[in-house]
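Working notes, beginning with the structure itself.
The values are calculated or read from the model by the stated rules, or taken from the named source; none is laboratory data. On a predicted model such as this, the values are computed, not experimentally measured, just so you know. Using ideal geometry, Cβ is built from the backbone for each residue, glycine included, and neighbour counts are taken over all protein chains shown.
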């Protein structure tokens, strides 16, 4: 399998992934990703070069967003002085479930973060999705805290505020990486 940067034409596929994941999660009793994601915001992250696609021949098996930018209101000023990269929107197509592709994508992200000079690979997970939180804990993430207030809508409850991190480290993910080398992170002053 090959990892490549997402391209603008991938927006439809990424939105379909999100809907597929939301439908699966609904069947498990979770409201995660129940609100549609704005296509223009997704396109902006693609154009920023932070969205990556896992391709299996002509099929897209998964996607991950890896960015040096933290979401507002989640991490403390002190934490933000530590060089970090942040995982978002990790999704694996249901037909590829059970093959540890999510774990390998996290290893790829940790490797890429390490090569960029990050100390930490960080993420926020759905606050009420305990199975997802366990998934990240089983993959070496440590729970830092859960932020429940200050959501994007009128400062209300935050739906994705379970914060986890693990050291950024070189890792064997067994993917062919066709993404350009990561840019080195600038250290905070």
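Taking the condition in contact with a helix residue (DSSP H, G or I) (Cβ under 6 Å, 6 or more places away or on another chain), at pLDDT 90 or above and not in a helix (DSSP H, G or I), does residue 117 pass? No: the conditions fail for residue 117. Does residue 98 satisfy the condition of being without any contact (Cβ under 8 Å) to a residue 24 or more places away in the chain and either buried (at least 20 other Cβ atoms within 10 Å of the Cβ) or assigned to a loop (DSSP other than H, G, I, E, B) (or both)? Judged against the criteria, residue 98 is a match. Contact map, the stretch 68-87: first residue at negative phi and without any contact (Cβ under 8 Å) to a residue 60 or more places away in the chain, second residue surrounded by 12 or more Cβ atoms within 10 Å (Cβ to Cβ) and assigned to a helix (DSSP H, G or I), Cβ cut-off under 8 Å, separation 6 or more or different chains; pairs are 70/80; 87/106; 87/109. Among the residues of the stretch 110-131, those identified as over 23 Å from residue 78 (Cβ atoms) and buried (at least 20 other Cβ atoms within 10 Å of the Cβ) are 111, 112, 129. Among the candidates 189, 152, the residue that is at pLDDT below 95, in a loop (DSSP other than H, G, I, E, B) and surrounded by 12 or more Cβ atoms within 10 Å (Cβ to Cβ) is uniquely 152.
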